[in-house]
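Student: Sending over a structure as structure tokens; questions will come in a sec.
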Amino acid sequence: MDGQVDPCDSWWQQVKNYATLAMERVACGVEAVKQFLSTLSSDERWGVMMAIDERSPQMFEELTAAAPDWIKWMG
């Protein structure tokens, strides 16, 4: 794959960018995060949550505690 971009790397980088945007919305509340996630595909939503957990486990725990039904958002 000389000189070619791996589509998986590209996808994951985009999801990490989305995670940054989602993390910025945490301060505005659960509904702001939920609204943002609703604009993404299911795969992207799951990736965002994984990226948040990877980057800030404490924020992930706080977000999921504040929204115990968050798994329903992922569908």
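Student: Are any residues in region 43-68 small (Gly, Ala, Ser) and under 10 Å from the mean Cα position of the chain (by Cα), and if so, which ones?
Tutor: Within region 43-68, GLY47, ALA51 qualify.
Student: Ok, one more. Could you please tell me which pairs satisfy a Cβ distance under 6 Å, a separation of 6+ or placement on different chains, a first residue in region 52-66 that is within 15 Å of LYS34 (Cα to Cα), and a second residue that is charged (D, E, K, R)?
Tutor: PHE60/ASP53
Student: Looking only at region 39-50, decide whether some residue is open to solvent by 80 Å² or more (accessible area, probe 1.4 Å), among the hydroxyl-bearing types (Ser, Thr, Tyr) and modelled with pLDDT of 95 or more.
Tutor: So far as region 39-50 goes, yes, one or more of its residues are open to solvent by 80 Å² or more (accessible area, probe 1.4 Å), among the hydroxyl-bearing types (Ser, Thr, Tyr) and modelled with pLDDT of 95 or more.
Student: Out of all the residues in region 23-75, which are in contact with a Ser or Thr (Cβ under 8 Å, 6 or more places away or on another chain) and closer than 16 Å to GLN13 by Cβ? Full working, then the answer.
Tutor: First, the residues of region 23-75 that are in contact with a Ser or Thr (Cβ under 8 Å, 6 or more places away or on another chain): 23, 70, 73-75.
Once the filter is applied, which keeps residues that are in contact with a Ser or Thr (Cβ under 8 Å, 6 or more places away or on another chain) and closer than 16 Å to GLN13 by Cβ, region 23-75 yields only MET23.
Student: Can you tell me which residue is modelled with the highest pLDDT among those in region 3-38 that are open to solvent by 80 Å² or more (accessible area, probe 1.4 Å) and hydrophobic (A, V, I, L, M, F, W, C)?
Tutor: Per the stated criteria, the residue is CYS28.
The values are calculated or read from the model by the stated rules, or taken from the named source; none is laboratory data. Computed from a predicted model, the values in this text were never measured in an experiment. Using ideal geometry, Cβ is built from the backbone for each residue, glycine included, and neighbour counts are taken over all protein chains shown. Side chains included, ligands, DNA and RNA excluded: accessible areas come from the protein's heavy atoms. Shrake-Rupley method; radii C 1.70, N 1.55, O 1.52, S 1.80 Å.
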